[in-house]
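Here's the structure, in structure tokens; my notes come after.
The values are calculated or read from the model by the stated rules, or taken from the named source; none is laboratory data. These figures come from a predicted structure and were not determined experimentally. For neighbour counting, all protein chains shown are included, and Cβ atoms are generated from backbone atoms with ideal geometry for every residue, glycine included.
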């Protein structure tokens, strides 16, 4: 995969032997993300201190952002103000905010004290934006041009201020009140004549987001317009930052992970699984387990209500797990597709009619096949003696009852699975929260009611 | 969100009135993705033809790639070879491959016949790579430099060949045998002195992928190294293409969607939900529903085997749905976290010990709380008459039986939920396929066995 033969042992050895030139050379030659992974395993604080004293800050700054949270905290504890300041000078503000946000407040204060006045202002500014907003993930280091700049003047500006900027591939044009009036790419400058004006070659049909927009909205705009960077403005159109596509990739993964966790009846975790303590993991799951256990009690009550039916015909109990499972799986299939479609913007609440009619078609085909198969299967099981249906009733009637219940259950499951997420979306709730388990619990109860209702009708037991 | 006031009606009107200057102006002024969305709704082929005759191909080429599949097919049907050729000249080869791959073969042949010899070779070349491989999503339009080029020579090359390239932000350096020896960014050229050599400023610690690598692997490398573009090479290191981050965003979404669908017991869909015919939707679901229905039969057999127990103490039936649901949910929570962790590379099979010990901790806390709560809840239900436990046994013993079963079930569910996905990964199967429903079905059977075993022990019924 990689063209380079990075050897972790070589780095560890150079560090423990305090081999300054060798350590510096490794930092120069190899990918800093691979190096950070090795540093995460170092336990002796003196070894870490040695690195941050030895290696120039333009390397250690970037490496610092890749370190694990606890290693970062240890380092902030042991580094001097000057060393921290050197790191901060070499890290983009949005990355500083990323690690500062999660630190205990004493370390956060140490960092803010070490930062230059300008950096400190920027950090505070970004920290003010609410979590998951465009403002909180944007960076403020960008290149601003004016309409009246010539290409040559613009290139000079870029050469002068560009080293600080996160990207120089995307450039932004503002007017005197700092309002964003146009965008262009570095490549447009390369291909333009030296004396043309920025105003002539900039694009005015750009797309932008507001600081207050949710990161999920930002991600969907990136996807819709295939963007690599997007300008962030205030409500009145003043340019304040830029979000680049690499920050969006993390957002897309996070959002998918959150939805997956919610669909599996958990409150979303804020971090990687292995980094979360057991107690927090348990807390995130108990609430939903309780709620669902409690609702399953009502399914039990339905059985309790029809105990007489089961006493007359105990064989009916055999099919309860199969009916519950198949109903839950059918409903879960539908709700999962609808929830994911809504999350990706491929389905909107206006498509409800289309979704429902599609699902009814699927229910007809899937329900029909499953019911037919199950009818034969039950008769076979009874004939060869896998199950014993009491001789007081015809096995054909029992098979008919189960097959009919299955067919109706699949219809109801697909309806509930289509409807619930779309209602949730419509009234402003999170569709993923309404997913799998809740659908399953409702379908369980419904399928048992259908089962016992049909049983009393077919066998006239009550 | 957008700074521009694009009005779909204005475009439709200009088209139906055959207002050439107005249509051209709209294509120049507004975002082509928004325009494509309007064109998708046009039903009269003559209107579409008018656009592709009127608007210059540098606009219609890009717009074409954004159109729905059926609109694209209609257009290829009605356009002349010259018009198709003009479109192809204005579209990157990877985008041509994207739409050509899904077309009926007569239309594919028409496109290939209309393409220039060079384009045709590139298309055939990309079509040869297996689906979902790096080769199939890369583009071949990139900028190649030599080590001995000066900055000035490199800039001249870029100005000359760069307009064809998908990106000029990332540049690649090859030797005489076309082996990739270094990478650099356009910004490095901007900041370098005009007479320095490319070989002096290029990075040699670059990351690359092979044409045969799976797109999921490519996506994980993009994420790991925060890349915006990655070079694609043959096994022996020759440069053949480039993948940019905007193509990877689609891959990340696709992979998450596939995993979500598999976890919900479906074969993954290849397209957006609303575009798939009912019959295909049904086909993708029936297989799993059948398998799971069939396995649930065995859960039924467990009940059948213990029918005597239920005849003696029918109240035990009431708790079956709750035990099955809670077991299924607990196992599903664990398997979902493990599967997602494996997919994102946050968990590896080596972490099995860590995962299992965490989950045992969670089982202790969650199982303990739920069992304690349920014990009290059952006694309460019985005391106020919500359920009727027969007078022949102590309600305390029944509550104890259910609570104990619940506790053991949650332990087993969490073990199965941790183990199954990791075994799948270890033996080279897809962990997502082993997820939710299969875990649920196994846990169902296990929980009932525990339930009846404990019941016979506690009440000595058999």
Out of B:136, B:130, sole residue that is outside any helix (DSSP H, G or I), under 35 Å from the mean Cα position of the chain (by Cα) and farther than 17 Å from residue A:190 by Cβ: B:130
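This table checks each residue for (1) under 13 Å from the mean Cα position of the chain (by Cα); (2) over 19 Å from residue A:341 (Cα atoms); (3) more than 10 Å from chain B (Cβ to nearest Cβ).
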| residue | (1), (2), (3) |
| --- | --- |
| A:202 | no, yes, yes |
| A:221 | no, no, no |
| A:239 | no, yes, yes |
| A:245 | no, yes, no |
| A:252 | yes, no, no |
| A:256 | yes, no, no |
| A:260 | yes, no, no |
| A:269 | yes, yes, no |
| A:275 | no, yes, no |
Filter pass, residue A:339 being more than 13 Å from residue B:285 (Cα to Cα), buried (at least 22 other Cβ atoms within 10 Å of the Cβ) and more than 8 Å from every other protein chain (Cβ to nearest Cβ): yes
Which listed residue, of A:141, A:216, A:147, is at pLDDT below 90, touching a helix residue (DSSP H, G or I) at 6+ places or on another chain (Cβ under 6 Å) and under 30 Å from residue B:184 (Cα atoms): A:141
Test: residue B:41 is in contact with a helix residue (DSSP H, G or I) (Cβ under 6 Å, 6 or more places away or on another chain) and either in a helix (DSSP H, G or I) or over 20 Å from residue B:126 (Cβ atoms) (or both): no
Any hit, the stretch B:195-207, residues being assigned to a loop (DSSP other than H, G, I, E, B), in contact (Cβ under 8 Å) with a residue 60 or more places away in the chain, surrounded by 19 or more Cβ atoms within 10 Å (Cβ to Cβ) and touching a strand residue (DSSP E or B) at 6+ places or on another chain (Cβ under 9 Å): no
Residues of the stretch A:419-442 that turn out to be part of a helix (DSSP H, G or I) and either within 11 Å of another protein chain (Cβ to nearest Cβ) or out of contact with any helix residue (DSSP H, G or I) (no Cβ under 7 Å at 6 or more places or on another chain) (or both), as a count: 9
Where residue B:215 falls short, out of the listed (1) in contact with a strand residue (DSSP E or B) (Cβ under 6 Å, 6 or more places away or on another chain); (2) more than 10 Å from chain A (Cβ to nearest Cβ); (3) crowded, with 20+ Cβ neighbours inside 10 Å: (1)
Test: residue A:229 is within 10 Å of the chain's Cα centre (by Cα) and either outside the structural domain of residue A:417 (by TED's automatic domain parsing) or over 30 Å from residue A:292 (Cα atoms) (or both): no
Residues that are assigned to a helix (DSSP H, G or I) and either touching a helix residue (DSSP H, G or I) at 6+ places or on another chain (Cβ under 7 Å) or under 18 Å from residue B:247 (Cβ atoms) (or both), drawn from the stretch B:51-68: B:51, B:52, B:54, B:57, B:59, B:60, B:61, B:62, B:63, B:64, B:65, B:66
Single condition residue B:181 does not satisfy, out of (1) closer than 28 Å to residue B:341 by Cα; (2) out of contact with any helix residue (DSSP H, G or I) (no Cβ under 6 Å at 6 or more places or on another chain): (1)
Matching entry among A:327, A:332, A:361 (being surrounded by 21 or more Cβ atoms within 10 Å (Cβ to Cβ), at the interface with another protein chain (Cβ under 8 Å from one of its Cβ atoms), touching a helix residue (DSSP H, G or I) at 6+ places or on another chain (Cβ under 7 Å) and in a helix (DSSP H, G or I)): A:332
Condition check for residue A:290: more than 28 Å from the chain's Cα centre (by Cα), within 8 Å of chain B (Cβ to nearest Cβ) and in a helix (DSSP H, G or I): no
Boolean, residue B:363 is within 21 Å of residue A:264 (Cβ to Cβ) and free of Cβ contacts under 8 Å to residues at least 60 places away in the same chain: yes
Any hit, the stretch A:297-310, residues being at the interface with chain B (Cβ under 10 Å from one of its Cβ atoms), touching a strand residue (DSSP E or B) at 6+ places or on another chain (Cβ under 6 Å), crowded, with 21+ Cβ neighbours inside 10 Å and at pLDDT 85 or above: no
The listed residue being assigned by TED's automatic domain parsing to the domain that holds residue A:287, in contact with a helix residue (DSSP H, G or I) (Cβ under 6 Å, 6 or more places away or on another chain), crowded, with 21+ Cβ neighbours inside 10 Å and more than 29 Å from residue B:271 (Cα to Cα), out of A:379, A:448: A:448
Criterion violated by residue A:262 - all others in (1) farther than 30 Å from residue B:334 by Cα; (2) touching a helix residue (DSSP H, G or I) at 6+ places or on another chain (Cβ under 8 Å) satisfied: (1)
Index of the failed condition, residue A:162 passing every other in (1) outside the structural domain of residue A:74 (by TED's automatic domain parsing); (2) under 20 Å from residue A:222 (Cα atoms); (3) buried (at least 16 other Cβ atoms within 10 Å of the Cβ): (2)
Residue match in the stretch B:346-356 (condition: under 18 Å from residue B:443 (Cβ atoms), assigned to a helix (DSSP H, G or I) and within 11 Å of another protein chain (Cβ to nearest Cβ)): yes
Test result for residue A:169, surrounded by 15 or more Cβ atoms within 10 Å (Cβ to Cβ) and touching a helix residue (DSSP H, G or I) at 6+ places or on another chain (Cβ under 7 Å): yes
Looking only at the stretch B:223-237, and only at residues there that are at the interface with another protein chain (Cβ under 7 Å from one of its Cβ atoms) and assigned to a loop (DSSP other than H, G, I, E, B), the one that is surrounded by the fewest Cβ atoms within 10 Å (Cβ to Cβ): B:226
